[in-house]
Amino acid sequence: MAMETDAIQFIDVSVPFGDGHGGISGLTATVEVGKTVTLIGPSGAGKSTLLSLCNLFLTPQRGTVNIFGKNVLEWDVPSLRRQVGMVFQTPVMLPGTVLDNLRLGPKLRGETVDNIEPWLEAVGLSPTVLQQPAQDLSGGQKQRLSLVRTLLNHPKILLLDEVTSALDSHSTQLVEQLVQRVKAQQNCTVLWVTHNLEQARRVGDETWLLVGGRLVEAAPTEVFFTRPQTEAARQFLASVCKGGQPS
Amino acid sequence: MTLLSLSFTLAFVAFAIVLSIRKRLGLEKDLVVASVRATVQLLVIGYVLKLVFSFNSPWFTFLMVAAMVAVAAYNAGKRAKLWKTVFWKVFVAIGLTETVTMAYLLVLHVLPVKPQYVIPVSGMIVGNAMVISSLFLNRLYGEVSNRKQEILLLLSLGGTPRQSIRQVLKDAVKASLIPTVDTMKTTGLVQLPGMMTGQIIAGADPIQAVRYQLLILFALLAAGAITSITLGGLVYPTLFNQHQQLKRDFE
């Protein structure tokens, strides 16, 4: 059986936004296995919507989304969502201890998980938090834990939705290092939404710019930031560099 | 009780109406409508029961109970967010509750197989199941809206809809049973239950009346649990679409 080289394929995908105004329109793009694509763009551009198409939280109205060559609609849904892990912008902790929360994914399949401590240390958290009530933690701690929780499910594709927006620079660095390590060790593919262009440049192999639901530029990250090909990308980068609010 | 004696009690209605007018509560029309409706409905059901009792037919009894279940399902489900998909599920849940509890009582000869016993006791079971269904559905929809992120998290980790909503269902079941459990805890202390009161007024031995009342309370407790658990199992799939996405009504 041939090795699938594309982790995610979007083929002429259109989907309306939840608020009924606009949507992703006719998007075609591919993410290769083991690559990190950073998704940037102004608020409301459709970045989170694009992530939701990959784990079938949203169904494309038109077009096809393939995960490892198979249409998302043909996957066994729980299996798809385990393999396509998502970390939300706002971390959610269920009632119970940190340990209970970290075991959630494997527990859903009747499995247990051990050796959690190294994962915690990797994101700068002490193993002593394991027995603490998860809902008592700070926003930053919850955000790092929610990343670890998803990684303990051993996803092959990782969808990250502004996961470092609530973190200080040190914690942000730890999260980036952990994701890069997991990516290197497990050949994990990452689709990373960020508003932080420095971060997009640091972690991305490729960068996509979404504006108004359209993919206006997709290029290797260094090329994107040094020689953007489209006027929209140049304008976007210029507005952000000037400290303006991209919109 | 004579009609003349009964007519004296209309003074209570008149008193409430006068109070409403004096205090400008604006309830006069509602009070009149409610009093007329209660009178007409009870008179009608009184004559219907007299007729059914005179036939002493299991078919009439069955039809009467089936009508009770249908009206209860309609009332419990009509406020539900996804009403159209819910009615039959509520009907099945209340119908199952009535069937299981009544079968148990009849098979063990706890109750005689007579319409005089089956219909009133069924009325209490179905009425309670209706209230519990209503409480359960309201609570469930509220919880799903409030805890949407929790459900999405579990789905995102590879949970099935059933796994993702299990805790929410449990909490809704518990909440719907609280009034029944609280009523049991305070029964006899805060109020004398209606059935027992009725029997005592009708001249029954209080101890015998207590036995019947306990029978009803225990049956209602089991009926409540059966209703909300069955309803939970039937209703939760309607909250998700075929792609195991939480429906947009809750987004």
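A few remarks follow.
- Summarising the overall dimensions of the range B:57-250 from its C-alpha atoms, the Rg and Dmax are 18.8, 63 angstrom.
- Distance from the range A:1-43 to the range A:186-247 (C-alpha centre basis), Å: 14 Å
- Chain lengthening between B:K114 and B:F15 when straightened (0.36 nm per residue, less Cα-Cα): 31.6 nm
- Phi angles of the range B:65-74 translate, via the Karplus equation with coefficients 6.51, -1.76, 1.60 and θ = phi - 60°, into HN-Hα couplings of 5, 4, 5, 4, 5, 5, 5, 4, 5, 4 Hz per residue; Gly and Pro are given as x.
- Unsatisfied cross-links (Cα-Cα over 20 Å) in the set B:K29/B:K50; A:K156/A:K183; B:K50/B:K114: B:K29/B:K50
- Per-residue HN-Hα couplings for the range A:225-230 [Karplus 6.51, -1.76, 1.60; θ = phi - 60°; Hz; x = Gly/Pro]: 7, 9, 9, x, 8, 10
- Long-range amide H partners of A:M86 with built H, under 5 Å: A:L159
- Candidate cross-link partners of B:K185 among the lysines, defined by an alpha-carbon separation under 29 Å and a same-chain spacing of 8 or more, comprise B:K170, B:K174.
- Calculated FRET efficiency for the pair B:A103/B:F53, C-beta based, R₀ 22 Å, to 0.05: 0.55
- Under 5 Å, built H, 5+ apart or other chain: amide partners of B:K247: B:F240, B:N241
- Cα gyration tensor category, rounded, prolate or oblate, for the range A:6-241 with a/c compared to 1.5: prolate
- Helix B:28-55 vs. chain B, principal-axis angle (Cα, 0 to 90°, nearest 10): 80 degrees
- Between B:R166 and A:L73, the distance separating the two model label sites (each 7 Å from Cα on the Cα→Cβ line) works out to 3.1 nm.
- Compared with the alpha-carbon gap, the fully stretched path from A:L99 to A:S239 is longer by 46.1 nm at 0.36 nm per residue.
- Computed from phi, the 3J(HN,Hα) profile of the range A:41-54 under the Karplus parametrisation 6.51, -1.76, 1.60 (θ = phi - 60°) reads x, x, 4, x, 7, x, 5, 5, 4, 4, 4, 5, 6, 6 Hz, with x in place of Gly and Pro.
- Count Lys and Arg as plus one, Asp and Glu as minus one, and take only other residues whose Cβ is under 13 Å from that of B:V44; the net charge is then +2.
- Burial ordering of B:R22, A:R103, fewest other beta-carbon atoms within 10 Å first: B:R22, A:R103
- Within-13-Å neighbourhood charge of B:V168 [Cβ basis; K, R +1; D, E -1]: +4
- Within chain A, helix-based [θ] at 222 nm, where runs of 4 or more DSSP H residues each add -39,500 (n - 2.57), nearest 500: -9500 deg cm²/dmol
- Rounded to 10°, Cα long-axis angle of helix B:10-22 versus longest principal axis of chain B: 60 degrees
- For A:T36, the residues 5 or more places off, or on other chains, whose built amide H falls under 5 Å of its own are A:V190, A:D205, A:E206.
- Exposure proxy for B:E98, B:E150: other Cβ atoms within 10 Å of each Cβ, ordered fewest to most, give B:E150, B:E98.
- Modelled FRET efficiency - R0 30 Å, A:V33 with A:E231, Cβ distances, 0.05 increments: 0.40
- The range A:101-147 - convex hull of the alpha-carbon atoms, volume per residue in Å³: 77 Å³
- Taking label points 7 Å from Cα along the Cα-to-Cβ direction, B:I200 and B:V33 give a separation of 3.6 nm.
- Simple spin-label estimate for B:N146 and B:K247 gives 2.1 nm between the two label positions (7 Å along the Cα-to-Cβ direction from each Cα).
- If R0 is taken as 25 Å, the Cβ-Cβ distance between B:N75 and B:L189 corresponds to a FRET efficiency of 0.25.
- With Cα atoms defining each centre, the range B:177-202 and the range B:77-137 are spaced 19 Å apart in the structure.
- Angle between chain B longest axis and helix B:83-107 axis [Cα atoms, degrees, rounded to 10]: 60 degrees
- Residues A:M93, B:M1, ranked from the fewest to the most other C-beta atoms within 10 Å, line up as B:M1, A:M93.
- Pair-distance distribution of the protein assembly as shown: all C-alpha pairs, bin width 10 Å, starting at 0; shares per bin in whole percent are 4, 15, 21, 18, 13, 11, 10, 6, 2, 0.
Quick note: the coordinates plus some simple rules give every number you see, no bench work behind them. Since the structure is predicted, the reported quantities are computational estimates derived from the model, not experimental observations. With ideal geometry, Cβ positions are generated from the backbone for all residues, glycine too; neighbour counts draw on all protein chains shown.
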